[in-house]
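One structure below.
FYI, it's all coordinate maths here, none of it is from the lab. This structure is a prediction, so every number in the text was calculated from the model and none was measured. Backbone-built Cβ (ideal geometry, glycine too); neighbour counts: all protein chains shown.
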Amino acid sequence: MDSTDCLGAFNLLTSDLLFDELEKRLPEHRQRLFPPTETLAMFIAQAMSADRSCQHAVNQAAIQRLINGLPQCSTHTGGYCRARQRLPLELISGLACHLGLQIDHQTPTQWRWQGRRVRLVDGTTVTMPDTEENQAAFPQQRGQKPGLGFPICRVVGMTCLSSGALLNAAIGPFNGKGGDEQTLLRSIEGTLDSGDILLGDAFFPTYFFIARMQMQGVDILMEQQGARKRVTDFRRGQSLGSRDHVIRLDKPKIKPDWMSEPVWHAAPEHLTIREFKAGGKIMVTTLMCPKTFTKADLNALYKQRWNVELDIRSIKETMGMNVVSCKTPEMVIKEIWGYLLAYNLIRLLMTQAAILAGILPREISFKHSLQLWLIWSRQTNTSDNHMLWVVCALMAQQRVGNRSGRIEPRAVKRRPKPYPLLVVPRGQAREHVKKYGHPKKLK
């Protein structure tokens, strides 16, 4: 990536140039947003901060104004909350996707896999405050007793393997129509370009999804679905080697409920795909040539799919999007996109740091980069380009180790405090305490 282009993209979100971009993107909102750059900057800073309360965001802005010699302002949160509500969702999501694509399109060619861009896709869930509005839009899990669970939404994101930048995302309910990962992925398929390679887990490689990808000129490499995996027979089809063959799949005879009749009839009657077994998994791909794409090469590529899990961890655990704080569905979605925009800002700096150091962005620690950015942004003027290079150089100092094949138990060693679980609505529990007092401490 050219350093001037990278700085330009960075300054787009950290200086007055953002106002010009807002005007170009959504001119009809010019009069409604005041001041747009300050509100959006506070929103991003709130997503990056360990204390993500609105009060902390307003307090930080008030102190920063005093440091910069500006007049004193109120520390009440009402004005900021109303300004945040006025920020259009299309603006925040559009800037996040725009920034991710700018990072991706300008990454060096040598970062690609055999000269081709590789995309990663995966889904995750996010919980939110238990309000009536959130429960109606994002119902909790089935089987949960009323008054106990929390509203939950599903997020499917698509990231770049080379840079880690988020290219697009779709948000929907965890339960109900339109909330499964395949449906959400269909809504962001337009992000993929001809020649891309898409990596995903066993949820995605259905017949009709593979057909759509082939029509778009997109190749896939995914783990075979469970139902199909059980009937895979490598004695069938055209053999390409040991446990490696090309087969023809017939179109399902029953139309899915979500598919319209015209789309159903337009789908091909047959598909030709490649199946192979490597690393203990049965894989499905549209990369057919066994000489250009050997089993060993494809297996090594698929192992890099784990990076999307690390990207999700960076967003949910490091940045704190695991539990959002807004109390209405509209603000919940806006808050999620605020996190994704902040995530891409850090990825932009990591990409620049990788270019300066001559390494790959995946070798740089995300948490280390976030910490440096937070410390620097609170101490100095972020428009100082010379200091930006210095911060990028510091980011490249902490390298992530080679963790291929790493296995960790899904268990925690530290014991929780000996408090019982809340198994009744909180109001009912309060009345019980008023009547009978707190239970005796557990030994």
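Brief remarks follow.
- Label-to-label distance, nm, for residues given as Glu132 and Leu422 (7 Å Cα→Cβ offset): 1.9
- Most fluctuating residue given options Val156, Val231, Val400, as computed from a GNM of the chain linking Cα atoms under 10 Å: Val231
- Computed magnitude of the charge dipole of the range 127-228 (debye, nearest 20; Cβ of K, R +1, Cβ of D, E -1): 320
- Placed amide H near Asp122: partners under 5 Å, 5+ positions off or other chain: Gly157
- Leu240 long-range amide H proximity, modeled H, under 5 Å: His245, Val246
- Expressed to the nearest 5 percent, the antiparallel share of DSSP beta bridges inside the chain is 80 percent.
- From phi via Karplus (6.51, -1.76, 1.60), per-residue ³J(HN,Hα) for the range 354-366 in Hz, x at Gly/Pro: 5, 5, 5, 8, x, 10, 8, x, 5, 8, 9, 6, 5
- Looking at the range 237-324, the trypsin sites (Lys or Arg not before Pro) that sit in a DSSP loop and have at most 16 other Cβ atoms within 10 Å of their own Cβ are Arg243, Lys253, Lys291.
- Counting only Cβ charges, +1 for Lys and Arg and -1 for Asp and Glu, the dipole size of the chain around its Cα centre is about 2340 debye.
- Dimensions of the range 202-304 along the principal axes, based on C-alpha atoms and rounded to the nearest Å, stand at 40, 26, 22, largest first.
- Helix 54-67 vs. the chain, principal-axis angle (Cα, 0 to 90°, nearest 10): 60
- Globularity ratio of the chain, using Cα Rg and 2.2 N^0.38 Å: 1.09
- Charge dipole (Cα centre; +1 on Lys/Arg Cβ, -1 on Asp/Glu Cβ; no other charges) of the range 202-304 amounts to roughly 380 debye.
- Ranked by how many other beta carbons lie within 10 Å on average, peptides 322-328, 390-396 from highest: 390-396, 322-328
- Acute angle (nearest 10 degrees) that the helix 385-395 long axis makes with the longest principal axis of the chain, alpha-carbon atoms: 60
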